[in-house]
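Written out below as structure tokens is the structure these notes cover.
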Amino acid sequence: MIGGSVTLDKDERNGIAVVSLDNKKKKNALSGSMMCELNDIINELQSWQTGKGLILRGENKTFCSGGDLDTVKSILSPEQGYSMSCFVGQCMQNLSQLPLISVALVEGNALGGGAEMAMSCDFMVMSDKARFAFVQKKMGVITGFGAGTRLVRKFGTLKALDILASARTMDAKECERLGLASQILPHSENVLDLTKSWLHNYCEGDTKVIRNLKSMVVAASNLSLEDSHAIERKLFRELWGGESHLKAQKSKLKH
């Protein structure tokens, strides 16, 4: 189904990209065309060599209310649902594995598939009026884009079951208490600027160092201990004796 849009704004000055979801009439629900646009943008970001950070957000003072119901109604067979799960799930996996430190900026609601999208980022920042919920159980399904697995690996079985099986709507304070949200920001017109400043704390420094650091974390999250160690050593080797390392040595930085 066609409707809404996903846009990309890359700032070459600070290496931070902003991806914005916009489907005003449907609270930024993801249509079929938006899923394809998001996939294309993530593919573009994979080749953005000067990038360090990413903010995923929604226009219209809300994040994403999940899948567009018109799109969902047009793909109700198990086979079509599986195809959608594979496509969007791979898209979310690619997002999580970008060599960019990513943050989901949640204003308004992040529900269902919207909550899954937010979970694909490294961090989640919420406005103080935001709400977050995995409502899939109420819709007669479970998570299909990988967030269930991410919840279990991040928080363990009991906390993941509590969040998913209760299907409750959580405010920003509860999300922060559970460890879902890393920061709560005041609901304001400049919340995007505040998020950029917050993310800059993590992205400040040499681009290659930031990208290798994120790549190391991705490897540790997905590979065996032995394979992860091997990649960590390789990424370390790429930086040792490099321009940033030598500059730090000459400046006699104190730890």
Query - Between the range 148-190 and the range 87-118, the Cα center-to-center distance that results, in Å - result: 14 Å
Query - Nearest-ten-degree value, helix 191-203 long axis tilted from longest Cα axis of the chain - result: 40 degrees
**Report entry** Beta bridge orientation in the chain: antiparallel %, DSSP, nearest 5
**Finding:** 30 percent
Requested in this report: Can you tell me the 0 to 90 degree angle between the C-alpha axis of helix 78-96 and the longest principal axis of the chain, rounded to 10?
Outcome: 30 degrees
Requested in this report: Calculate how many DSSP beta bridges within the range 45-177 are antiparallel, expressed in % of all such bridges and rounded to the nearest 5.
Outcome: 15 percent
Requested in this report: Based solely on C-alpha atoms, express the radius of gyration and the Dmax of the range 58-117 in angstrom.
Outcome: 13.1, 36
**Report entry** ³J(HN,Hα) computed for each position of the range 12-20 - Karplus, 6.51 cos²θ - 1.76 cosθ + 1.60, integer Hz, glycine/proline x
**Finding:** 6, 6, 10, x, 10, 9, 10, 9, 10
Report summary line: Computed from every Cα-Cα pair in the range 165-210, P(r) in 5 Å bins starting at 0 and rounded to whole percents is 5, 17, 18, 19, 18, 11, 9, 3, 1
Query raised in the report: Residue separation times 0.36 nm, minus the C-alpha to C-alpha distance between ASN190 and LYS173: what's the value?
Result: 4.1 nm
Query raised in the report: Where does the chain land on Rg(C-alpha)/(2.2 N^0.38 Å)?
Result: 1.04
Report task. Taking GluC sites (Glu not before Pro) as candidate sites, keep only those in a DSSP loop with at most 12 other Cβ atoms within 10 Å, then name the longest stretch of the chain containing none of them. Result -> 13-188
Query raised in the report: aspartates and glutamates near LYS234 by alpha-carbon distance under 14 Å, same-chain residues fewer than 8 away left out - which ones?
Result: GLU226
Report task. Go through LYS25, LYS252 and list them by solvent-accessible area, largest first, probe radius 1.4 Å. Result -> LYS25, LYS252
Query raised in the report: In terms of solvent-accessible area of protein heavy atoms at a 1.4 angstrom probe, what is the ranking of LEU8, LEU199, highest value first?
Result: LEU8, LEU199
Report task. Distance check, please: which entries in LYS154/LYS208; LYS10/LYS208; LYS159/LYS214 exceed 20 angstrom between their Cα atoms? Result -> LYS154/LYS208; LYS159/LYS214
Query raised in the report: In terms of Cα to Cα distance under 23 Å, which lysines are near enough to LYS73, apart from those fewer than 8 places away along the same chain?
Result: LYS24, LYS25, LYS26, LYS27, LYS137, LYS138
Query raised in the report: How big, on average over all directions, is the shadow cast by the Cα convex hull of the range 104-234, in nm²?
Result: 8.9 nm²
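The values are calculated or read from the model by the stated rules, or taken from the named source; none is laboratory data. Quick caveat: nothing in here was measured; it's all calculated off a predicted structure. Note: ideal-geometry Cβ built from the backbone for every residue, glycine included; neighbour counts use all protein chains shown. Only protein heavy atoms, including side chains, enter the accessible area calculation; ligands, DNA and RNA are left aside. Shrake-Rupley method; radii C 1.70, N 1.55, O 1.52, S 1.80 Å.
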